[in-house]
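> Please find one structure pasted underneath; my questions will follow.
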Amino acid sequence: MRLAELAAAYALDWCVGDPEWMPHPVRLIGGSIGASERVLRRCGSGKYFELATGGIIAIGVPAASAFCTYAVVRQARSVHRMLGISAELWLASTCLATRNLLDEAAQVMRALETEDLVRARRRLARIVGRDTNELDEQEVCRAVVETLAESLSDGIIAPLLYLALGGVPLAMAYKAVNTLDSMIGHRDEKYLYFGRVAARIDDVANYIPARISALLLCIASELLPETNGLRGWRIWHRDGSKHASPNAGQVEAAMSGALGVRLGGTNRYGNEVTVSAHLGDEFPPPNRYATRRAWKAVALASLLGFGGALFFALRKKDA
C-alpha cells in the first residue's frame, strides 16, 4: 500500500472510526461465516468431518475476503481513479480500530467515574466477549485494561502490519482470520474440532503483531509519565507465556508490568467459566486510575505503530 494512502486510511480511522450506521465489511464476513457453518453442519458430523469442514471455512473465508476486496477496488478504479482510491481508503480504514477502541473504552471509564456501574457493564459488553452483568468495579476495570491491551494487537498493530505488507486485500484477509477466531475458534464442546484450524491460523497470523504490540506498549509506557516501560518489559518476558493464548498473553503481560497491576483471573462466557493465570501477580488489581493510564499507553502505542508501518512501507518501496 502506498505511503500516502496508508497515512490517509489511518487518519480516516482516527478521525471517523466506524459509525454504526455505516456498512462494515467485518459484518459481512461474520454473516458469511455463520451461514457457512449452518450449511456445513447439516452435511455431517464427527471429529474428522468437523476438522475438515471447519478447515474449509478457515481457509476459504479469508481467501474470499482478499479476492473480493481486490475485485471491488479494481472495479472501482476502472470506473474512475478517484473512486478506486476512495474505495481503497474506506476499506483500509475499516480494518483499523483505533478510534472505536479508544471511544468505547472511554465510555466505560466515564460511566465508572460517575458511579454508574450498570451503564459501565452495559458499555463494556460492547467490546468484550465475557459476561459483564455481575462484574464489580474492579473486574470491569480489569476487563477494560485487558481489552485495550489485546485489541492494540489485533485491532491496530496487526492490520497496520498487513496493510504495509500486502495492502487492503491482505489486511482484509487478516480481519477474516480474526473474525473466524472470535466466532468459532473456541475450545468448548461445540467448536473443539470445528474451530481448531481457525484458532491455529489466528495464532500464526498474530504471532509477530502481538510481540510488536508488546514492544510498542513498553516504549510508549516509558515515554509517558506514571507508567513504567522497563517494568513492562520485565513482566512481559516473565509472564507472557503464562496465558492460555500464545499471543494475547504477550501484550497483557506487558500492560500488567507497565501499569503495575495484576491481570488475569476468572471470566464467564455464557455457561463456560475460564480461569487464566495471573500476570503480574505481585501487583494490586487495576482501578479507574489504571484504566486511564492504559488508555493513554494504547493511544501512544497506536501512533508509534503507525510510524513503524510508514517506515516499513517506505523501506519496502525502496527495496
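> What does the charge count around residue 268 come to, taking other residues whose C-beta lies under 14 Å from its C-beta (Lys +1, Arg +1, Asp -1, Glu -1)?
-3
> Here's another thing I want to ask about it. Please compute the Kirkwood hydrodynamic radius of the chain from all pairs of different C-alpha atoms, in Å with one decimal. Please list the in-between numbers first.
On the way: mean 1/r = 0.0496 Å⁻¹.
After inverting the mean inverse Cα-Cα distance, the result is 20.2 Å.
> R0 = 22 Å: FRET efficiency of residue 190 with residue 27, Cβ-based, nearest 0.05?
The formula returns an efficiency of 0.50 here.
> Next question, about the same structure. Taking a spot 7 Å from the Cα of residue 292 along the direction of its beta carbon, which residues of the stretch 127-160 have an amide N less than 17 Å from it?
Inside the label zone: 138, 141-142, 144-145.
> Expected output is a single nm value to one decimal: the length gained when fully extending between residue 113 and residue 138, i.e. 0.36 nm times separation in residues minus the C-alpha distance. What is it?
Difference between extended and current length: 7.7 nm.
> Tally Lys/Arg at +1 and Asp/Glu at -1 over every other residue whose Cβ is under 9 Å from the Cβ of residue 257; what's the total?
Value of the local net charge: +2.
> Let me know the shape class of the stretch 2-110, please: from the alpha-carbon gyration tensor, a ≥ b ≥ c as square roots of the eigenvalues, rounded when a/c is under 1.5, otherwise prolate if a/b is greater than b/c, or oblate.
Verdict is oblate for the stretch 2-110.
> Count neighbours as other Cβ atoms within 10 Å of each site's Cβ, and list the trypsin sites (Lys or Arg not before Pro) in the stretch 102-154 that are DSSP loop with at most 15 such neighbours.
Working: sites: 110, 119, 121, 122, 123, 126, 130, 142; in loops: 126, 130.
Answer by residue number: 126.
> Follow-up. Simple spin-label model, 7 Å along Cα-to-Cβ: residue 222 to residue 273 in nm?
Here the answer is 4.2 nm between the modelled labels.
> Please compute the net charge surrounding residue 17, taking Lys and Arg as +1 and Asp and Glu as -1 over other residues with Cβ under 14 Å from its Cβ.
Surrounding charge for residue 17 is -3.
> Report the FRET efficiency, 1/(1 + (r/R0)^6), for residue 78 and residue 314, where r is their Cβ-Cβ distance and R0 is 35 Å, rounded to 0.05.
On the way: r = 28 Å, r/R0 = 0.81.
According to the calculation, E is roughly 0.80.
> In nm, give the distance between the simple-model label positions of residue 56 and residue 38, each being 7 Å from the Cα along the Cα-to-Cβ direction.
Here the modelled spin labels are 1.7 nm apart.
> Provide 175, 47, 242 in ascending order of the number of other Cβ atoms located within 10 Å of each residue's Cβ, fewest first. Don't jump to the answer; show the numbers that get you there.
Working: 175 27, 47 11, 242 15.
Neighbour counts put them in this order, fewest first: 47, 242, 175.
> While we're here: What ³J(HN,Hα) values, in whole Hz, does the Karplus curve 6.51 cos²θ - 1.76 cosθ + 1.60 give for the stretch 191-200 when θ = phi - 60°, with x put for Gly and Pro?
Each residue's phi maps through the Karplus curve to give 10, 3, 9, 4, x, 5, 5, 4, 5, 5 Hz.
> At most 16 other Cβ atoms within 10 Å and a DSSP loop assignment: could you name the trypsin sites (Lys or Arg not before Pro) in the stretch 183-240 that fit?
The qualifying sites are 187, 190.
> Would you kindly state the longest site-free stretch of the chain, with sites defined as GluC sites (Glu not before Pro) in a DSSP loop (not H, G, I, E, B) surrounded by at most 15 other Cβ atoms within 10 Å? Please list the in-between numbers first.
Working: sites that count: 20, 115, 134, 189, 226, 282.
By the stated rule (loop sites, at most 15 other Cβ atoms within 10 Å), 21-114.
Quick note: the coordinates plus some simple rules give every number you see, no bench work behind them. Given the structure is predicted, the values throughout are model-derived calculations rather than measurements. In this analysis, Cβ positions are derived from the backbone assuming ideal geometry, glycine residues included, and neighbour counts consider all displayed protein chains.
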